[in-house]
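Engineer: Sharing a structure below in structure tokens format, with a few things to ask.
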Amino acid sequence: DVALPDGVEEAVLFPTEGYVDVPPLVGALVAAARRAGARVLSGTPVVEISRTGDRVTGVVTADGSRLAADRVVSCVGHRTATFARLAGVTVPVGGVPGLSFYTHAAPVRLRAIVHTPEVSLRPDEEGA
């Protein structure tokens, strides 16, 4: 059962809502991309996106390297809007990074994801 604070009159439950633990997901995606022959460059700032018509054909990095590519994957998180502007695309995302905290288990068992304007909470794999 959920105890709502004073002033909160309604709450919504989405029982099928889920989440992903991003660091292991990114690691698995990078490993799969490398197995498929991708070249992964981390910490390499992109200053220009090369295009032919509407198609992205590569990037230019801060050191002046021109890298041709069949596909370019952006993994820049909260900098997505800035990166997309290099290709003349507008992506409506905020520019503020999120923060994740891991704490000791609370005395109340959390069985669902909780979102509020101030905080989002989710259970760990044991449901604590």
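Engineer: Can you tell me the orientation of helix 22-35 relative to the chain, as the angle in degrees between its alpha-carbon axis and the longest Cα principal axis, to the nearest 10?
Structural biologist: Between the helix axis and the principal axis of the chain, the angle is about 30 degrees.
Engineer: Shifting gears a bit: Given the options Val93, Val60, Val12, state which has the largest fluctuation in a GNM of the chain using a 10 Å cut-off (strictly under) for Cα springs.
Structural biologist: Val12
Engineer: May I pose another question? Percent relative contact order of region 2-79, based on C-alpha pairs within less than 8 angstrom and at least six residues apart?
Structural biologist: 14 percent
Engineer: Read through the labelled values (1) 69; (2) 49; (3) 55 and report the label of the one computed as percent of Cα pairs over 18 Å apart from the structure.
Structural biologist: Entry (1).
Engineer: In whole Å, what is the distance between the alpha-carbon centres of region 106-125 and region 22-36?
Structural biologist: Going from one Cα centre to the other spans 27 Å.
Engineer: Sort Ser120, Ser74 from largest to smallest accessible area, using a 1.4 Å probe on the heavy atoms of the protein chains.
Structural biologist: Output order, biggest surface exposure first: Ser120, Ser74.
Engineer: Report in % the part of the accessible area of the chain that belongs to carbon and sulfur, leaving out ligands and nucleic acids; probe 1.4 Å.
Structural biologist: That share works out to 57 percent.
Engineer: What accessible area per residue, rounded to a whole number of Å², is obtained for region 23-112 using a probe radius of 1.4 Å?
Structural biologist: Value returned for region 23-112: 81 Å² of accessible area per residue.
Engineer: Now a separate question. Output ³J(HN,Hα) for region 61-66: one whole-Hz value per residue in order, computed from phi by the Karplus curve 6.51 cos²θ - 1.76 cosθ + 1.60 with θ = phi - 60°, and x for Gly and Pro.
Structural biologist: Once θ is set to phi - 60°, the couplings for region 61-66 become 8, 4, 7, x, 5, 9 Hz.
Engineer: Now for a different question. Tell me the mean residue ellipticity at 222 nm calculated for the chain from its helices only (DSSP H runs of n ≥ 4, each -39500 (n - 2.57), averaged over every residue, nearest 500).
Structural biologist: Mean residue ellipticity, 222 nm, calculated: -4500 deg cm²/dmol.
Engineer: Loop-only check: which trypsin sites (Lys or Arg not before Pro) in region 1-49 are DSSP coil with at most 11 other Cβ within 10 angstrom?
Structural biologist: Sites meeting the loop and neighbour criteria: Arg39.
Engineer: Something else about it: Relative contact order for region 31-113: what is it in percent, counting Cα pairs under 8 Å that are at least 6 residues apart?
Structural biologist: 17 percent
The values are calculated or read from the model by the stated rules, or taken from the named source; none is laboratory data. Quantities reported herein were computed from a predicted structural model and do not represent experimental measurements. All Cβ positions, even for glycine, are placed from backbone atoms using ideal geometry, and neighbour counts span all protein chains on display. SASA here: full protein model, heavy atoms, side chains in, ligands and nucleic acids out. Shrake-Rupley method; radii C 1.70, N 1.55, O 1.52, S 1.80 Å.
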